[in-house]
1. What's the number of the condition residue A:57 fails, among (1) buried (at least 20 other Cβ atoms within 10 Å of the Cβ); (2) within 12 Å of chain B (Cβ to nearest Cβ)?
2. Being among the small types (Gly, Ala, Ser), part of a loop (DSSP other than H, G, I, E, B), in contact (Cβ under 8 Å) with a residue 24 or more places away in the chain and buried (at least 24 other Cβ atoms within 10 Å of the Cβ) is true for just one of A:189, A:130. Which residue is that?
3. When residue A:91 is evaluated against the numbered criteria (1) within 14 Å of chain B (Cβ to nearest Cβ); (2) part of a helix (DSSP H, G or I); (3) buried (at least 20 other Cβ atoms within 10 Å of the Cβ), which criterion, by number, is the only one it fails?
4. Suppose we keep only residues that are surrounded by fewer than 22 Cβ atoms within 10 Å (Cβ to Cβ) and assigned to a loop (DSSP other than H, G, I, E, B) within the stretch B:126-153. Which one would you say is farthest from the other protein chains (Cβ to nearest Cβ)?
5. If only one of B:243, B:213 is over 20 Å from the mean Cα position of the chain (by Cα), more than 26 Å from residue B:22 (Cα to Cα), at pLDDT 95 or above and part of a helix (DSSP H, G or I), which one is it?
6. Taking the stated definitions as given, is residue A:231 outside any loop (DSSP other than H, G, I, E, B), aliphatic (A, V, I, L, M) and in contact (Cβ under 8 Å) with a residue 40 or more places away in the chain?
7. State yes or no: is residue A:261 touching a residue at least 40 places away in the same chain (Cβ under 8 Å) and either farther than 17 Å from residue A:317 by Cβ or assigned to a helix (DSSP H, G or I) (or both)?
8. Of the residues A:79, A:141, A:73, which is surrounded by fewer than 20 Cβ atoms within 10 Å (Cβ to Cβ), under 22 Å from residue A:165 (Cα atoms) and within 13 Å of chain B (Cβ to nearest Cβ)?
Amino acid sequence: MAEHTMVAALNSALRDALAADPRTLVFGEDVGALGGVFRVTEGLQAEFGRERVFDTPIAEAGIAGICVGLAMAGWRPIAEMQFEGFSYPALDQVISHLAKYRERTRGRVGMPAVIRIPSFGGIRGKEHHGESPETYYAHTAGLKVVVPSTPLDAYRLLRRSIEDPDPVIFLEPKGRYWSREDGDLSVEGPGLGRARVVREGGACVLIAYGAMVGRCLEAATALAEEGIEAAVLDLRSLVPLDVGAIRDAVRSTGRAVVVHEAPLTLGMGAEIVARIVEEAFDHLEAPVARVTGPDVPYPPASLELRYLPSIERIANAVRTVVAY
Amino acid sequence: MNETASTDAPIVRLVAPDGTAVGDVEVGLSRDERRKLLRLMIRARRLDRECWALQRQGELTVYPPFEGQEAAQVGSAFALGPDDFVFPSFRELAAALVRGVDVVEYLQYHRGTWHGGPYDPIASRFAPICVPVATQIVHAVGWAMGATFDGSTACSLAYFGDGSSSEGDFHEGANLAAVFRAPAILFCQNNGWAISVPSNEQFVAPIAARAAGYGMRGARVDGNDVLAVYAVTRDAVERARAGEGPTLIEAVTYRIGSHSTADDATRYRDEAEVAAWGERDPIYRYRTHLLDAGTIDDAFVRGCDEEAEAWVAEIRAELTSLGEPPVAEMFDHAFADPPPTLLRQREELLGDG
């Protein structure tokens, strides 16, 4: 057993993938000698050479576009966008090509590419460095969208994403990059689309992903002191969405609170609540609550703690739902 | 008259519009290959006109004609080897024909039975039809990088129009190609018009002149001179194979027809301009050149016409007998490994079927 940060776990996942499959390539802005602005690719260029791990000019549409060409030439691209706020120039290539290529070619040409995007807030970043882009991708047919919440999960989910035959948008919660977890890094375990109950509890279920899983656990701990035992469900991937796990959790508790950093309107919470209504309506004891960022642009560092779902806001939502 | 600011820039031309040789027409092609170029151009034009008719008869949804651009497409595609890979936009049916793409499968796109790649892109070495303007340039660069990583000497060729040259993806693709010395040929068919906007309102300097800014070779060629297009493209292919990186080619040509069957070019351009470009017709020019050189005779031309007529009749018969694709196909290819939520939607829409 060893202790891993999420950055180190992701770095190991990339290293092990590069070693396991000679067709994998890692590229993006500053991923070579620097090892990425978050050091996720540290040491990879030295180990695997400049042909398999390389820097690109600052050209996000270009980075996503060469993923398409490289995949057509039989490679498995693993690209990094430096920050979620800088990934938007690539949306045309991602939405119009990466996501659709298999469909457009009647299944003849798949796109086994991974685009890693450091995402979400909580690091006192400048503007464009704290956003939640998941819905843009989750709403695009043909993409899978993965969001790890812990180092060990990050390792396994990234390895599984790289092995996946479909394009995967891998959103890394920057706020959890330096979180630590004990355990062995292993690709064994549930694949994409399998949520995980990280805390049991009968009063209510908190449904979250990424950095908000940890926040929900903290809220659940606080609530336990009041005698409210809340379960926490970590979705781990938004596409595929583990609707079965959501259904089971809501059926067993009758109460649910969905938590995400992204703005409220048409966020993942909207989809999750709709699924709950479809799958577990008869089991609901209270309206489902959402605790999210408000419908405003991500705020400056001094205000971000007021924007992000706090332990207090989450706990209050649970109290309200439980008292209904 | 839409004369771009680049009209006076130097241009490679081997055969004048009247068929007279004005350069070294010994471009390394055999007599049979020279005859084949004409046969392909005649076949392409006949098919293009048939497609326009098929659309008017309701057999195709929307069709983008390429009449006037036969030399640009046939000459460039003819310069490629079997392993090279073409990344087209949406007006490159003549290039597809040269590359041996299954034309009936290709036309299913315009028939509305499937999206970009109804043919086999990998086997055809011809990427799916690409409508988002200029995005295919970047794909071609990525493919060329991948070919280099494999130690291959194959190159890619991206077709795009003058309109595409204003897009950011043109810039990103060109710069990436130069930085990585990718064996990619960026082949612009400057046909004078981006739908209704003339090229002199789209950019000021010649497109080919941008090559110097990226640090790559550039060439400006008479796009209605098939031998010149072939020679310029073949030089770019040879440089790419030799590890000398990308080339930007601007083939100056003209879109005789409308942007598509949904467009009406008479609303924005003069008949006089179209007529002037008709005087520079690529097939007339090359046919006259070959006749004067004694490479072909009138019987050969008649044979090409008859053969094209019969071939197009086969294409029409096959295309119009095609049925609708099964509804299930909409679900079958979105993912290799579809999420359960999608499988459920499939079941709800299709029932047991």
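The values are calculated or read from the model by the stated rules, or taken from the named source; none is laboratory data. The model shown is predicted, which means the values in this text are computed figures rather than measured ones. No Cβ is skipped: glycine too gets one built from the backbone with ideal geometry, and neighbour counts run over all protein chains shown.
1. (1)
2. Result of the check over A:189, A:130: A:130.
3. Exception for residue A:91: condition (3).
4. Checking each candidate, the answer is B:153.
5. B:213
6. Considered against the rule, which asks whether it is outside any loop (DSSP other than H, G, I, E, B), aliphatic (A, V, I, L, M) and in contact (Cβ under 8 Å) with a residue 40 or more places away in the chain, residue A:231 comes out as no.
7. So residue A:261 does not fit the description; no.
8. A:141
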